[in-house]
Amino acid sequence: MKYTSTGNKDTRSGFGAGLHELGKTNPNVVALCADLVGSLKMEDFIKENPERFIQTGIAEANMIGLSAGLTIGGKIPFAGTFAAFATGRVYDQIRQSVAYSNKNVKICASHAGLTLGEDGATHQMLEDIGLMKMLPNMTVIVPCDYNQTKAATIAIAEYVGPVYLRFGRPAVPNFTPADQKFVIGKANMLTEGSDVTIIATGHLVWKALEAADVLAEKGISAEVINIHTIKPIDEEAILKSVSKTRCVVTAEEHMLNGGLGDSVAQILSRKLPSPMEMVGVNDVFGESGKPNELMVKYGLDTPNIVEAAQKVIKRK
C-alpha cells in the first residue's frame, strides 16, 4: 500500500486536539502543566475547562505528586511538560508515586528527541523510553503523526494504569487515518513484504515508509510495521513478520540502549534469533542545530534505513 501525507503537522498539536476532545467527552479528565501550556497545545482544553486545569509552574515533581493524588478521587490526570523534565527530572516521583503505586496518571511528554533542534543536548531527551519502559506497571506509547497522537491521547483516557505518552515539536507528515481506532499494544502493519522487516516508531515511521519505496526500486520487498506501543510491545506481530523475512531493521529517534531496538532484540534473542540492524542514536548526546540536519548527522534518516536493510539482508 502506498501512503501519502495530507500535509505536515506537529504531533504535539495532535495531543492538544485529543485532550480538547476529552474535555468534552470525559468529565473525569483533568490537566496539569509545568509552565508550558502553549508548547503542549493545551489552550483549548483550558479555555473550555478552566476548573479542570492546574498550572503547577516549574515544579515538575510537585505536578507528578498532585497527579497521583488526584487519581485517588477518581480523576484522570494528564500531566504535561517536555520529555526531559517529564522523566529525568522527576524519575523518583514517577517510580514511587505513580508506577509502584499503579496510579492512573498519564504522563504526556513533548519535545522529545533530536528534532527539538536548536534547544540542544540538555533538552533533547533520548533516554526517556528506556527510563519509562523499565518501570513495572508503566505503558509506553510513541505515536507517529498528528492523527495517531490524537487517537492515542483519547485512548489512554480509557486505559486504567500509568501511561507515558511521547510526542514532539516538529511538523511531520500526517498519513494515518483521521478516524482510526487506537489499540494499545497492537502494532500497525503498514506495508507487507518478504525480504526484510522494518520496525519503526514515532517520527521514524514515515522515514521507514520512504525507505521501503527506495528499496522497492532496488528490487527489495520491505515489510514496514509501526510499533506505536513500546510497552506492552506486540510480540506476535514482530515474530510473525520476522519468521517470514528472516531479518529485521529497527528505527527510532532514541538512544539505541533501552529503546525500541532493545525491546525487539530481547524478543528475537529468546524466541527467533535473526540478523538485526538498529537505526538510532549510538550512545552520544545531541547538539544544537536544525532538526533535519541533526537527523542526518546522527544517522536517523531514510538513507540510513535503506543502508541498514541492505546490510541485514546480506547477513541472512
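Counting only Cβ charges, +1 for Lys and Arg and -1 for Asp and Glu, the dipole size of the chain around its Cα centre is about 720 debye. Each Lys and Arg contributes +1 and each Asp and Glu -1, all at the Cβ; summed about the Cα centre of region 188-314, the dipole is approximately 360 debye.
Residue order for 122, 176, 191, fewest other beta carbons within 10 angstrom first, comes to 122, 191, 176.
Residues 227, 154, arranged from fewest to most other Cβ atoms within 10 angstrom of their Cβ, appear as 154, 227. For region 195-284, trypsin sites (Lys or Arg not before Pro) meeting the loop criterion (DSSP other than H, G, I, E, B) and having at most 13 other Cβ atoms within 10 Å: 218. Toward the positive end of the charge dipole of the chain, with +1 on the Cβ of Lys and Arg and -1 on the Cβ of Asp and Glu, the farthest Cα among 63, 28, 87 is that of 28.
The angle separating the long axis of helix 60-72 from the principal Cα axis of greatest extent in the chain is about 80 degrees. Two decimals is fine: what is log10 I(q)/I(0) at q = 0.08, 0.16 Å⁻¹ for the chain, from a Debye sum with one equal scatterer on every Cα and no solvent? Ignoring solvent entirely, the Cα scatterers give -0.33, -1.29. Considering only 137, 221, 190, and ranking their Cα positions along the charge dipole of the chain that arises from unit charges at the beta-carbon of Lys, Arg, Asp and Glu, the one farthest toward the positive end is 137.
For region 9-173, what class follows from the C-alpha gyration tensor (a ≥ b ≥ c being the square roots of its eigenvalues): rounded when a/c is under 1.5, otherwise prolate if a/b is larger than b/c, else oblate? Note, shape of region 9-173 comes out rounded.
With contacts taken as Cα pairs under 8 Å and at least 6 residues apart, the chain reaches a relative contact order of 18 percent. Take the alpha carbon gyration tensor of region 188-314, find the square roots of its eigenvalues, order them as a ≥ b ≥ c, and report rounded if a/c is under 1.5; if not, report prolate when a/b exceeds b/c, else oblate. Here region 188-314 falls in the oblate category. Annotation: the antiparallel percentage among DSSP beta bridges lying fully within region 116-254 is about 30.
Read the figures in this text as sums done on the coordinates, not as results from a lab. Here the structure is a predicted model, which is why all the values come from computation and not from measurement. Please note: Cβ atoms are built from the backbone with ideal geometry, for glycine as well, and neighbour counts cover all protein chains shown.
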